[in-house]
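Colleague: Structure incoming, see below.
The values are calculated or read from the model by the stated rules, or taken from the named source; none is laboratory data. Bear in mind that the values here come from a model prediction, so they are computed numbers and not experimental data. Note that each Cβ is placed from the backbone with ideal geometry, even for glycine, and that neighbours are counted across all protein chains shown. Accessible surface is based on the protein model in full, side chains and every heavy atom, while ligands, DNA and RNA are left aside. Shrake-Rupley method; radii C 1.70, N 1.55, O 1.52, S 1.80 Å.
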Amino acid sequence: MCGITAYVGHQDALTFLLQGLEKLEYRGYDSAGVTILGDQKLSTVKTKGRLQDLITILKAQPLHGHVGIGHTRWATHGVPSNLNSHPHSNADETISIVHNGIIENYRELKDELMAHGYTFQSETDSEVVVQMLDYYYSDDLLAATRQTLARIEGSYALCILSTHEPDKIIVARKDSPLIIGEAQGAYVAASDIPALLEYTKNVYFLEDNELAVLKADSITFYNQQGQAIQKESVEIPYDLEAAQKDGYDTFMLKEIYEQPHAIAETLRGRIHENKVYLDELQNIDFNQYHQVYYVACGTAYHASLCGSQVLQKLTRLPVTAMVASEFRYNDPLIDEKTLAIFVSQSGETADTLAALRLAKSQGATTIAIANVLGSTISRDADYVLYTCAGPEIAVASTKAYTTQLVLLILLACYIADRLGFVLDAKLLEELPHISDHIAHLLEDHERFAKYAKLLEDQRDAYFIGRNLDYASVLEGALKLKEVSYVHADAYVAGELKHGPIALIEEGSVVIAVATQPQIASKTINNIQETIARGARVVLFTTAGQEVKNVANTYYLPEVPAVLQTILVAIPLQLIAYYTACIKGCDVDKPRNLAKSVTVE
Ligand code: F6R
């Protein structure tokens with residue numbers, strides 16, 4: 001899971017490459033590198049560490065040339081090191097590549113190449129690509145690329161340049177994102193749109209197994225069979241500013257504060273006179289399904305858990321939410337009467353994508369809930385609904401989560417309506433006002449910062465909730481551990497007495513969510529069991545609940561119970577955020593994580 005950039009044009013390539021890598025650092029940041037083609041030779045500079053380390057080296061030793069490729073890496077094969085960093089070149093430094101993805105049969109290919117006398121510099125799977133290009137190259141880089149790709153199993157986004165054909169870059173993709181931009185006097189490519197926006201809003205999406213040859217003044221696309229094909233460019237509707245910090249210290253905080261707007265955008269045009277409009281799905285006959293799966297990873301899974309419970313409640317259909325990495329290996333019962341919903345902010349998560357392809361191959365109807373326009377999951381699914389969160393840069397997902405919740409609640413209402421169930425009018429009346437409630441919650445940030453103080457010296461935190469509140473505490477615990485490194489576990493509150501309560505001692509911090517009316521009092525009783533053992537409790541609940549002995553009780557605004565899942569996400573995100581700040585953590589780039597997980 002890495003970020004790649006490429007430039008071929010009339011300006012210095014390095015400027016584009018570095019600004020692009022800066023925008024892509026969220027995809028990986030354990031090493032970075034560039035290769036520039038100038039004066040008929042390739043010059044490569046790469047280093048372990050953050051992009052800033054590469055920039056420091058390049059300031060002292062600038063590279064000039066009009067063609068170049070760049071890479072920011074998140075290690076999968078081989079430790080982060082200078083040698084394992086990309087770009088990788090062949091022995092005589094005539095061909096250089098950057099790669100995002102995984103070459104699954106690299107060992108076999110490496111053995112074969114070594115038998116032909118090739119030696120390898122790195123421990124990476126990617127290096128086999130450049131060595132194989134060298135092996136196949138005689139006088140046609142495109143032909144060598146085709147021969148190489150035919151041998152590769154796995155996923156790739158690749159950019160290739162060579163001194164033999166110095167006017168071009170060849171790019172190719174399969175199961176890893178790659179977007180091409182048409183800029184002024186240049187063609188550029190990158191793993192994600194923000195890297196291109198400073199140069200152009202006109203982009204081409206490369207499909208799996210397609211290739212493109214980029215030159216300064218022309219572009220040619222080829223399909224898997226090697227035939228030249230035509231493609232239309234697409235204009236990206238948002239600008240770079242949306243992808244920048246906008247005065248906030250961190251992207252995470254900015255994105256937390258963007259939630260009222262992101263939710264309003266996601267709701268735009270979707271509710272009219274208490275009816276939900278998801279016209280993208282109007283051709284589906286929902287009566288044909290006898291079961292529904294929700295499949296996703298991490299935060300998107302937590303949103304799915306909530307969405308699935310809401311759908312089951314409204315329609316009485318059997319609904320299962322599953323983590324994508326488990327789904328495929330769990331022998332799921334899929335047939336033509338299955339509706340499968342795949343939730344992914346990036347739309348590129350490898351496990352979710354693989355689960356989608358499995359469900360499709362077995363006859364299910366598939367719906368993607370994605371945030372990134374043109375992402376692989378959104379294009380592969382039969383139907384797609386977009387959350388309109390805008391670019392989410394911080395590794396920890398915040399606005400993508402709440403917009404997913406909104407869209408999943410809308411989807412549940414829509415399906416229920418199409419199946420002829422009568423909807424709760426209050427829910428649809430209140431949903432358009434949810435952004436106002438969030439704005440008020442954000443004004444209370446100092447209270448949440450105070451709750452975060454309780455965690456200052458803690459190694460552990462315990463989150464409890466029941467029913468829909470359980471999905472909320474799972475997400476609260478994930479947020480806290482990923483940005484502050486405080487170990488946090490989420491429990492179904494009723495399970496405490498079956499084991500986890502043994503961990504509670506004097507000073508432990510318990511964060512409880514009790515917003516679901518039919519079950520809130522039971523969670524509040526469970527809190528008393530932890531207080532009796534010395535726990536300090538923060539409780540999020542609603543007016544009217546009887547609460548005793550809990551000094552840190554926060555009453556959420558009154559909205560229908562289902563919508564509390566959206567509201568309580570805000571304080572839980574802020575508690576995680578402030579705890580991370582108190583502990584001096586790099587909030588936007590937590591260790592060991594990357595934004596888009598394109599490896600299984
Ligand atoms: C946590 C987080 C991850 C992602 C997960 C799925 O804050 O961001 O858990 O939710 O990697 O990513 P997407 O939604 O892009 O499929």
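Colleague: In nm, to one decimal, how far is the modelled label at Y277 from the one at Q362, with both set 7 Å along Cα→Cβ?
Modeller: Each label point is offset 7 Å from its Cα along the Cβ direction, giving 3.7 nm.
Colleague: Give me, ordered by chain and number, the residues 5 or more places off V67 or on other chains with an amide H under 5 Å from its own placed amide H.
Modeller: Under 5 Å from the amide H of V67 lie the amide H atoms of A13, L37, each far enough along the sequence or on another chain.
Colleague: Below 8 Å, C-alpha to C-alpha, sequence gap of six or more: please give me the relative contact order for the stretch 30-88 in percent.
Modeller: For the stretch 30-88, the relative contact order is 47 percent.
Colleague: A follow-up question, please. Amide H neighbours of Y491 under 5 Å, counting only residues 5+ apart in sequence or on other chains, H built in-plane at 1.01 Å?
Modeller: Residues meeting the amide H criterion: F463, I464, G465.
Colleague: Using only the alpha-carbon atoms, how far is helix 141-151 inclined from the longest principal axis of the chain? Give it as 0 to 90 degrees, nearest 10.
Modeller: Taking Cα atoms only, the helix is inclined about 50 degrees.
Colleague: Report the local net charge at K231: Lys and Arg +1, Asp and Glu -1, summed over other residues whose C-beta lies under 12 Å from its C-beta.
Modeller: -4
Colleague: How large is the helix-only mean residue ellipticity at 222 nm for the chain, computed as the sum of -39500 (n - 2.57) over DSSP H runs with n ≥ 4, divided by its residue count, in deg cm²/dmol to the nearest 500?
Modeller: -10000 deg cm²/dmol
Colleague: Suppose a student asked you for the relative contact order of the chain, using Cα pairs under 8 Å spaced at least 6 residues apart; what percent would you report?
Modeller: 11
Colleague: Mind putting a number on the dipole of the stretch 168-264 about its Cα centre? Charges go on the C-beta only, +1 for Lys and Arg and -1 for Asp and Glu, and I need it in Debye to the nearest 20.
Modeller: 380
Colleague: Report the FRET efficiency, 1/(1 + (r/R0)^6), for D457 and T119, where r is their Cβ-Cβ distance and R0 is 56 Å, rounded to 0.05.
Modeller: After rounding, the FRET efficiency stands at 0.60.
Colleague: What does DSSP give for the chain in terms of the percent of beta bridges that are antiparallel, rounded to the nearest 5?
Modeller: Within the chain, antiparallel bridges account for around 60 percent of the total.
Colleague: Here's a follow-up. How much area per residue is accessible in the chain when the probe is 1.4 Å and only protein heavy atoms are counted (Å²)?
Modeller: Computed with neighbouring chains in place, this is 38 Å² per residue.
Colleague: How large is the dipole of the stretch 321-386 about the Cα centre if only Lys and Arg carry +1 and Asp and Glu carry -1, each at its Cβ, rounded to the nearest 20 debye?
Modeller: For the stretch 321-386, the charge dipole is close to 120 debye.
Colleague: At 20 °C and 1.002 mPa s, what whole-number value in µm²/s does Stokes-Einstein give for the translational diffusion of the chain, with Rh from the Kirkwood sum over Cα pairs?
Modeller: 85
Colleague: Taking the alpha carbon gyration tensor of the stretch 444-585, what are the square roots of 5 times its eigenvalues, largest first, to the nearest whole Å?
Modeller: 20, 18, 13
Colleague: Could you state the angle between the C-alpha long axis of helix 520-531 and the longest principal axis of the C-alpha atoms of the chain, as a value from 0 to 90 degrees rounded to the nearest 10?
Modeller: 90
Colleague: Of G49, V8, L37, which is farthest towards the positive pole of the stretch 3-241's charge dipole, taken about the Cα centre with +1 and -1 on the beta-carbons of Lys, Arg and Asp, Glu respectively?
Modeller: G49
Colleague: Which is farthest toward the positive dipole end of the chain among G68, V310, T163, measuring Cα position about the Cα centre, with Cβ charges +1 (Lys, Arg) and -1 (Asp, Glu)?
Modeller: V310
Colleague: Ok, one more. Under the definition of Cα pairs under 8 Å and six or more residues apart, what whole-number percent is the relative contact order of the stretch 245-442?
Modeller: Across the stretch 245-442, relative contact order equals 29 percent.
Colleague: Let's see if you can work this out: charge +1 on each Lys and Arg Cβ, -1 on each Asp and Glu Cβ, no other charges. What is the dipole magnitude of the chain about its Cα centre, in debye to the nearest 20?
Modeller: 1140
Colleague: By how many nm would the segment from N549 to A449 lengthen if fully extended, with 0.36 nm per residue of separation less the alpha-carbon distance?
Modeller: Extending this stretch completely gives an extra 33.9 nm.
Colleague: Less than 13 Å Cβ to Cβ from E326, Lys/Arg counted +1 and Asp/Glu -1: what total charge do the surrounding residues give?
Modeller: -2
Colleague: Between A91 and Q528, what is the spin-label point distance in nm, taking each point 7 Å from the Cα along the Cα→C-beta axis?
Modeller: That separation, rounded to one decimal, is 7.8 nm.
Colleague: Let me ask another. Percent antiparallel among DSSP beta bridges with both residues in the stretch 1-160, to the nearest 5?
Modeller: Beta bridges within the stretch 1-160, antiparallel portion: roughly 100 percent.
Colleague: Now for a separate question. What is the angle, in °, between the Cα long axis of helix 399-418 and the longest principal axis of the Cα atoms in the chain? Nearest 10 is fine, range 0 to 90.
Modeller: 70
Colleague: Next up: Could you give the length gained by full extension between A439 and I57, i.e. 0.36 nm per residue of separation minus their alpha carbon distance, to one decimal place?
Modeller: 133.1 nm
Colleague: Moving on to the next point. Towards the positive end of the charge dipole of the stretch 245-442, with charges on Cβ (+1 Lys, Arg; -1 Asp, Glu), say which of I377, A262, P432 has the farthest Cα.
Modeller: I377
Colleague: Report, to the nearest whole %, how much of the accessible area of the chain belongs to carbon and sulfur atoms, 1.4 Å probe, protein only.
Modeller: 47
Colleague: Give me the number: length gained by fully extending Q288 to T163, i.e. 0.36 nm times residue separation minus the C-alpha to C-alpha distance, one decimal in nm.
Modeller: Stretched out fully, the Q288 to T163 stretch lengthens by 39.2 nm.
Colleague: With θ set to phi - 60° and the Karplus curve 6.51 cos²θ - 1.76 cosθ + 1.60, what are the ³J(HN,Hα) couplings of the stretch 566-577 in order, to the nearest whole Hz, using x for Gly and Pro?
Modeller: Each residue's phi maps through the Karplus curve to give 6, 5, 5, 4, 5, x, 5, 5, 5, 4, 4, 4 Hz.
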